[in-house]
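The block underneath contains the structure these notes are about, expressed in structure tokens.
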Amino acid sequence: MSASGNIEIVRATGEVRRRVAGWHAEGLSVGLVPTMGAIHEGHLALVRAAAAGSDRVVASLFVNPKQFAPGEDYSAYPRDEGRDAGLIADAGGDLLFAPSGEGVYPDGFSTSVAVQGLTEGLCGAFRPGHFEGVATVVAKLFNMVRADAAWFGEKDFQQLQVIRRLARDLDLGVEVHGVPTVRESDGLALSSRNVYLSAAERMAAPTLNRALLALADRAAEPDADIARAIREAERTIAEAGFGTVDYVAVVDRETLRPVEAPITEEARALAAAWLGKARLIDNVPVVPRGT
Ligand code: AMP
């Protein structure tokens with residue numbers, strides 16, 4: 001991917017608000033796409049969806065220190081604002097909001113937003129403080145930008161459900177939309193962290209998706225043994241060369257609690273596993289037979 005387009009980059013909250021208020025005064029709707037940069041086709045799908053669903057699109061770029069658990073890759077996280085800006089412009093972004101660390105978390109910042117329940121299982125169990133960091137920064141970005149709607153990827157399915165709940169619980173006034181996961185041709189979900197994979201790891205990486213698709217297929221059977229299908233998925237992932245498998249689960253889409261057969265409503269199969277230095281996550285729908 002090469003970047004060519006131009007987009008205005010705004011850093012101050014007052015300035016992004018002035019721009020958004022100006023568009024609102026013209027009767028235009030404004031969509032927001034929050035990102036941490038290292039833009040790839042997954043992010044661009046969100047920008048395109050936002051451009052299709054609103055008159056103006058603000059993308060934000062902020063590597064949020066609060067959502068990295070201790071020991072995670074905050075300092076190593078890939079950063080290239082110039083390239084990101086060009087790609088977002090080409091995909092239909094109208095403004096890039098790239099606040100500074102102090103702009104988001106000024107000295108003395110002491111507020112934290114915690115969404116209970118939904119954040120306890122799955123990734124929440126392995127990344128202490130992660131979803132509190134996500135909920136806090138998303139609440140803050142929504143208040144800074146004051147867009148009408150925001151687009152998030154299904155690739156981070158638990159995050160998407162946490163943000164939907166956050167927006168609803170706190171009446172943030174932002175409509176939250178999910179966008180299907182963009183994948184490489186071999187099924188690997190695009191992720192900024194895929195750059196950490198060696199050539200051999202990259203070959204093994206699509207097994208995560210394949211194992212989830214096989215699990216979803218089996219879990220959809222009315223007489224499925226879901227616990228056993230999960231164990232087999234874990235084994236498949238481990239045998240492909242992954243290290244620790246943090247979890248494989250089949251859950252209700254709203255509550256994120258494990259479901260049992262027979263599944264009567266669409267559920268979700270999710271997994272997280274380490275491959276070398278990268279922690280990969282993925283998820284797929286589980287569609288009950290006959291619906
Ligand atoms: P990030 O920059 O990784 O925090 O991601 C910013 C947004 O892009 C989040 O809403 C992610 O869910 C979304 N996203 C990341 N990867 C993908 C992908 N492969 N397909 C669709 N959306 C994605």
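The values are calculated or read from the model by the stated rules, or taken from the named source; none is laboratory data. As the structure is a computational prediction, the values presented were derived from the model and not from experiment. Glycine gets a Cβ as well: all are built from the backbone with ideal geometry, and neighbour counts include every protein chain shown.
Inspection of segment 40-48 finds a residue satisfying the criterion of being acidic (Asp, Glu), within 9 Å of the ligand (Cβ to nearest atom) and at pLDDT 95 or above.
Flag: residue 182 matches the condition of being touching a helix residue (DSSP H, G or I) at 6+ places or on another chain (Cβ under 6 Å) and within 8 Å of the ligand (Cβ to nearest atom). Taking the criterion of being buried (at least 19 other Cβ atoms within 10 Å of the Cβ) and over 19 Å from residue 134 (Cα atoms), the residues of segment 59-85 that qualify are 84, 85.
Any idea which of 95, 118, 170, 122 is within 19 Å of residue 32 (Cα to Cα), buried (at least 17 other Cβ atoms within 10 Å of the Cβ) and not hydroxyl-bearing (Ser, Thr, Tyr)?
Testing whether each residue is within 19 Å of residue 32 (Cα to Cα), buried (at least 17 other Cβ atoms within 10 Å of the Cβ) and not hydroxyl-bearing (Ser, Thr, Tyr) leaves just 95.
There is at least one residue in segment 51-60 that is within 11 Å of the ligand (Cβ to nearest atom), in the same structural domain as residue 104 (by TED's automatic domain parsing) and of a type outside the set (D, E, K, R). Taking segment 75-98 as the range and being modelled with pLDDT of 95 or more and in contact with a helix residue (DSSP H, G or I) (Cβ under 7 Å, 6 or more places away or on another chain) as the test, the residues that pass are 87, 88, 91, 92, 93, 95, 96, 97, 98. Residue by residue through segment 135-174, note down the ones that are under 20 Å from residue 21 (Cα atoms), more than 10 Å from the ligand (Cβ to nearest atom) and assigned to a helix (DSSP H, G or I). Within segment 135-174, 139, 140, 141, 142, 143, 144, 145 qualify. Being in the same structural domain as residue 123 (by TED's automatic domain parsing) and away from the ligand (no atom under 16 Å from the Cβ) is the requirement here; does residue 241 meet it? So residue 241 fails the test. Scanning segment 211-230 for residues being surrounded by fewer than 18 Cβ atoms within 10 Å (Cβ to Cβ), charged (D, E, K, R) and either touching a residue at least 24 places away in the same chain (Cβ under 8 Å) or under 13 Å from residue 269 (Cα atoms) (or both) gives a total of 4. Apart from one condition, residue 177 fits all of (1) within 11 Å of the ligand (Cβ to nearest atom); (2) more than 27 Å from residue 22 (Cβ to Cβ); (3) not aromatic (Phe, Trp, Tyr); the exception is (2).
For the condition of a type in the set (D, E, K, R), away from the ligand (no atom under 15 Å from the Cβ) and without any contact (Cβ under 8 Å) to a residue 24 or more places away in the chain, what is the one hit in 120, 132?
Numbers: 132 fails: without any contact (Cβ under 8 Å) to a residue 24 or more places away in the chain.
Of 120, 132, the one residue that is of a type in the set (D, E, K, R), away from the ligand (no atom under 15 Å from the Cβ) and without any contact (Cβ under 8 Å) to a residue 24 or more places away in the chain is 120.
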